[in-house]
Amino acid sequence: MSEEATRDGHTASDQVFIRETPGVSGGYPCVGNTRIPVRSIVLAHRQTGSFERTLDAYPQLTRAEVRAALDYYAAHPARVDEDIQRNESVWEEITRRP
């Protein structure tokens, strides 16, 4: 299996793409050293239905980082779905407040 080069010329083995850091995004998985949650990438992909359009929505991320987020979801859907549900619940609570 050959490694796909990222936009900046690195390969997947050069970088750690998905991290869970206490105190960042509730401890849920984020892309690399960013504060971009995997759930955001997954939701963008669901809305666009296209890897390329999802990639275009996050110009600060490399192709490999977006792919890693989607691959993480494929491997750990319960973890990401839990984060999605938690955020939806918080949003509903906030929007119900007077």
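The set of residues in the range 43-78 that are among the hydroxyl-bearing types (Ser, Thr, Tyr) and farther than 13 Å from Val31 by Cα comprises Thr48, Ser50, Thr54. A count restricted to the range 50-98 and to residues that are basic (Lys, Arg) and surrounded by fewer than 10 Cβ atoms within 10 Å (Cβ to Cβ) stands at 2.
A quick yes/no check of all residues on (1) polar (S, T, N, Q); (2) modelled with pLDDT of 95 or more:
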position	(1), (2)
Cys30	no, yes
Ile41	no, yes
Arg46	no, yes
Glu52	no, yes
Pro59	no, yes
Val66	no, yes
Asp83	no, yes
Ser89	yes, no
Pro98	no, no
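Working only within the range 24-60, note down all residues that are under 11 Å from Val80 (Cβ atoms) and of a type in the set (A, V, I, L, M). Val38, Ile41, Val42, Leu43, listed by residue number.
Within the range 47-98, the set of residues being of a type in the set (Phe, Trp, Tyr) and in contact with a strand residue (DSSP E or B) (Cβ under 7 Å, 6 or more places away or on another chain) comprises Tyr72 only. Restricting attention to the range 34-93, the residues being aromatic (Phe, Trp, Tyr) and over 12 Å from the mean Cα position of the chain (by Cα) number 2.
The range 36-87 holds helices (runs of 4 or more DSSP H) entirely within its bounds, and those carrying 1 or more residues that are over 15 Å from Phe17 (Cβ atoms) map to 38-48, 51-57.
The values are calculated or read from the model by the stated rules, or taken from the named source; none is laboratory data. Fair warning: this is a prediction, and the values are worked out from it, not measured in the lab. FYI the Cβ positions are ideal-geometry reconstructions off the backbone, even for glycines, and counts take in every protein chain you see.
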